[in-house]
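Values in this text are rule-based calculations from the coordinates and carry no lab data. Note that the structure is predicted; figures quoted are calculated from it, not measured. As a convention, Cβ positions derive from the backbone with ideal geometry for all residues, glycine included, and neighbour counts pool all protein chains shown.
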Amino acid sequence: MVDRVGAAVIRLFAPAGAFALFAARALVRPFAPPYEGGEILRHLFQFGLRSTPLIATSGLAIGVVLSMHTRASLERFGAESMIPAGLAIALIRETGPLTAALLVAGRVGAGIGAELGAMRVTEQIDALEANAVDAFHFLVSTRVVACALAMPLLTILMDFAGMLGGYLAEAVASGMSWRLYFDRSFTFVSYADLLPATLKTAVFGFLIAVVASYLGFNTTGGTEGVGDASTRSVVLSSILIILSDVILVRMIFFFYPQVVG
Amino acid sequence: MRTSPARLAGVGLFVIGTIVLFGIAVFLIGDRQMAFTKRFDIYTEFAKVTGLQAGAIVRVSGARAGEVIEITPPAEPAGKFRVRLRVSQELHQLVRSDSVASIETEGLVGGSYLAIAAGSAGAAEAPPLSTIAGKEPFELGDLLQQMNATVTKVNATIDQVSGQLEQTITAVNQTVVNANDLITGVADDVKKMAASGARVSSDIASLSTSVREGRGTVGRLFTDDTLYSHISGIAANAEAVTSDARAVVAQAREAISGVKNAQGPMVGLADNLRQTLEDARDAMSGFAENMDALRHNFLLRGFFNARGYFDLAQISPAEYRAGALMQRGRTVTRVWLESTRVFDPGSPDESPRLTMDGRRRLDAALAPYLDRIADGVLVVEGFEPGGSRDQQFVISRARAVAARDYLVSRFHLDNRSTGVMPLGAGPADGAPAEPWNGIALAFFLER
């Protein structure tokens, strides 16, 4: 009985421990040479530049939809002039970072999981290690760094695309000039809104890359395992993004108490 | 794997592009928070702060001017919160020693900001770290409470007045009934007196005839007891009737006096009515103040704006330039008037005087729009390209105010839809010369 309970506990917590060690290694290893700048740039191209159409289009659509919803609510109180400021606050503080992270988790997380998974089942990783190449550093650290760097940049793009979408919706609805719209957008936005919310997405980027790399790096079961690693990468990284966001927002509120007005 | 130059360029473009966007956001936020302008600190005090927090916006005459730095609670219950503000130096000339600060509502969930009204021209500029007066904040709850109290008071007064009115009508009715009874009683006596008088006249006539005809003696007349008794009775009756009539008159006078005197129901009624009117006037005065405050309230400002009750003083030059009045299908037409053709060159820049020719030019500029101006908005824009930014602001505002005051006085224009906008050195889009030195009448008219 005791043996069975002990085995169950080990089965439950062993993967968590293995993942924690993997994440700790991914956090520390990039600071040690060689820095693999070329690989990081290649991944930045894949994760960053190639995600811009997805992020910009989604941001634009989210801005339009948010603007329409906000207008419908604020119109009842005669507060249409608050739409740009409300939309900017919502996008910069939370909607932009979280949506960008979830989109990147879907696109990049699945890609990393599948790519590393395929390398594992085709023994490419074993071949790298057999050639005295630090496979973890070459494959995982570079992806983690690139993803953590790309996320804040993609978030800024998402914020601006969302505000542009909001402006387009507002211009159609009320004919507001772009100058007045952007002037009003930043009425209530402060550095305390922009900086922590943008920088926290580096944590999201780290989580996406670490989760996907961990699952890809430990793939078993052939091509079926590759698909499974890809799917689980998206699901697990999305859950971790949302859970970590709760903690990060709480920390931001602690360091930057919110001011109304 | 080697990274190709095209990919490197793509990554570079991506990184630099997003960093530029980030820089724009940082600059816009810094600009809105006036991080790049010179500022000075000043204090104000309030008994209650109504949600005002450190970091809240400060506006001077509607223009964004700075932020609340800290709020120090009072040391005792009777004390006041001391609020420290950081205000842009550019607007220091508007913050005078008699300026008044008030807490207003703005923002999605009723966020508060602090408004400073420009002081009078005669007062000195408020020195840094001095304290300006604070006007206690208005709250929607206070208004509702006041309205409730007013309605209750009016109801009570109406109940009281209606009770006293009822009493008065009853008293008047009773007086009329008494008077009627008395007059009815007197009528019989008056008839008897008239009949007796007629008989006396007849007797005297008969006596005179008998005397004239020589029948009986005069002594018999004086010794005849029946005749004497008859005459005495008539006299007594006449006296009683007179006395009754006097009593009726006295009673009627007393009744009327009772109605009219200081404790009577009529005066009480008049007093109540006067008190009611005074109370109603007080209530309406308070109500008008609160309605004015309500117009600035975030929740209801849109309602008033939609009906034309917008406050031109609340629009900053930046918002105005960005087209704050260009919504709701308005078009704008400007008439440009050069400073030297409108103002007396000998008058001080900060208090310009209109010349006779200048007044005629203003009349002529406004004349074509007089039949449409009631439905639109007139903004007198002031321009002054020379000097520092604060001088430009002060002079352009003084010019606009001088022209606006003249037009409002001359044509009895509505102050709420006739505003001024100090635009300093411009830009003056569409002006005959750029930069423009003078004023422009901007007519915002419905299409």
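Of note:
- Residue exposure sequence - B:Ser351, A:Ser238 - by fewest surrounding Cβ within 10 Å: B:Ser351, A:Ser238
- Hits among lysines - C-alpha to C-alpha of B:Lys80 under 26 Å, sequence gap 8 or more where chains match: B:Lys48, B:Lys135
- Phi-derived couplings, Karplus 6.51 cos²θ - 1.76 cosθ + 1.60 at θ = phi - 60°, listed residue by residue for segment B:333-346: 10, 10, 10, 9, 10, 6, 4, 5, 8, 10, 9, 5, x, x Hz, with x used for Gly and Pro.
- Compactness ratio for segment B:312-446: Cα radius of gyration over 2.2 N^0.38 Å (N = residue count) comes to 0.97.
- The overall shape of segment A:1-93, judged from the alpha-carbon gyration tensor, is oblate: a/c is not under 1.5, and a/b is no greater than b/c.
- Residues whose amide H falls under 5 Å from that of B:Val58, counting only those 5 or more places apart or on a different chain, are B:Ala65, B:Gly66, B:Glu67, B:Val68, B:Leu114, with hydrogens built in the peptide plane.
- For segment A:1-33 and segment A:88-152, distance of Cα centres in Å: 20 Å
- Using θ = phi - 60° and Karplus 6.51 cos²θ - 1.76 cosθ + 1.60, couplings along segment A:226-235 (whole Hz; Gly, Pro as x): 5, x, 5, 4, 5, 5, 5, 4, 5, 5
- Of A:Phe138, B:Phe27, B:Phe46, the sequence from fewest to most neighbouring Cβ atoms within 10 angstrom is B:Phe27, A:Phe138, B:Phe46.
- Shape category assigned to segment B:14-138 from the gyration tensor of Cα positions, a/c cut at 1.5: prolate
- Each of B:Lys38, B:Lys135 has some number of other Cβ atoms within 10 Å of its Cβ, and from fewest to most they run B:Lys38, B:Lys135.
- Karplus-derived 3J(HN,Hα), 6.51/-1.76/1.60, for each residue of segment A:123-137, Hz, glycine and proline x: 6, 5, 5, 4, 5, 4, 5, 5, 8, 6, 9, 6, 4, 4, 5
- Part-to-part distance (alpha-carbon centres) for segment A:70-86 and segment B:313-372, which is given in Å: 32 Å
- Using alpha-carbon coordinates, inclination of helix A:191-217 to the longest axis of chain A, degrees: 30 degrees
- Segment B:112-127-segment B:375-447 distance, computed between alpha-carbon centres (Å): 22 Å
- Percent of Cα-Cα distances greater than 14 Å, calculated over segment B:389-447: 59 percent
- At q = 0.07, 0.09, 0.14, 0.17 Å⁻¹ the log10 of I(q)/I(0) for segment A:2-255 amounts to -0.30, -0.47, -0.93, -1.20, computed by Debye summation with a single uniform scatterer per C-alpha, solvent ignored.
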